[in-house]
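The values are calculated or read from the model by the stated rules, or taken from the named source; none is laboratory data. Values in this document were obtained by computation on a predicted structure and should not be read as measured data. Here the Cβ positions follow ideal geometry from the backbone for every residue, glycine too, while neighbour counts run over all protein chains shown.
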């Protein structure tokens with residue numbers, strides 16, 4: 001994970017307030033938050049949780065107030081936010097995932113999955129800031145199922161030129177409204193606790209192995225069996241493996257150890273399966289369209 005250059009002060013909230021005050025004196029000024037942290041979605045939530053735990057006790061009334069902005073922006077209960085800041089492995093999916101990534105970006109985090117969307121980032125923000133529902137967004141692109149939309153809003157997913165044009169046009173038509181919503185959100189949903197650009201170590205932390213040092217399984221480039229046969233065999237074997245009771249019986253420590261040891265391979269596998277699923281869905285839609 002990468003940390004931004006450290007500032008002289010740990011508490012960034014005062015600087016953010018100063019910038020907001022300056023902006024209020026000048027019409028049209030756009031206030032960009034300081035970059036607190038750069039990393040994957042999980043690493044950003046983990047850093048947010050460490051900042052929270054370093055400043056607030058779990059029994060404090062102030063801790064509930066501090067979490068309020070996160071819950072209101074993401075439209076989830078306080079108990080859900082508590083799970084996020086306590087355990088960064090328990091993260092949301094779908095629309096809530098997009099909302100949380102947008103909130104992190106709003107308060108100064110740079111989430112690699114969101115930044116990696118490039119031209120699609122603005123479209124994802126339309127959903128994250130509530131300007132488009134997932135259903136409306138799916139219809140704009142031409143999907144009948146919003147689950148297809150969620151797959152497209154992943155950096156590893158490829159899209160057709162036509163869908164890319166629809167995504168860009170939808171963002172362009174609403175970009176001014178999106179910027180206004182962002183500025184309003186910076187005031188309405190500030191971080192409720194100090195954020196630091198430096199590494200935060202709290203009690204019970206487990207050392208995270210840097211991504212570049214995480215071993216990946218060596219997979220031969222060539223195989224004697226056909227590609228399609230190999231693909232089918234691997235998919236069925238993986239599905240059968242994941243259904244085994246031993247997987248469900250892993251203790252939290254065993255699961256965390258397994259993830260830290262092979263997270264590079266696990267992430268590659270996840271991205272690969274998502275990409276394959278997306279391509280198959282597009283092919284299926286093409287066939288259905290030709291049949292019509």
What is the one condition in (1) in contact with a helix residue (DSSP H, G or I) (Cβ under 6 Å, 6 or more places away or on another chain); (2) touching a residue at least 60 places away in the same chain (Cβ under 8 Å) that residue 132 does not satisfy?
-> (2)
Is there any pair linking a residue in segment 113-127 that is on the phi > 0 side of the Ramachandran plot and at pLDDT below 90 to one that is outside any helix (DSSP H, G or I) and surrounded by fewer than 23 Cβ atoms within 10 Å (Cβ to Cβ), with Cβ under 9 Å and at least six apart or on different chains, and which?
-> 118/155
Which residue out of 154, 175, 120 is closer than 24 Å to residue 75 by Cβ and surrounded by fewer than 17 Cβ atoms within 10 Å (Cβ to Cβ)?
-> 175
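Under 23 Å from residue 187 (Cβ atoms) and either at pLDDT 55 or above or surrounded by 17 or more Cβ atoms within 10 Å (Cβ to Cβ) (or both): which single residue out of 56, 7, 91 fits that description? Please lay out each step first, then the result.
Details: 7 fails: either at pLDDT 55 or above or surrounded by 17 or more Cβ atoms within 10 Å (Cβ to Cβ) (or both); 91 fails: under 23 Å from residue 187 (Cβ atoms).
The unique qualifying residue is 56.
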Could you please let me know if residue 269 is closer than 25 Å to residue 157 by Cα, surrounded by 13 or more Cβ atoms within 10 Å (Cβ to Cβ) and modelled with pLDDT of 70 or more?
-> yes
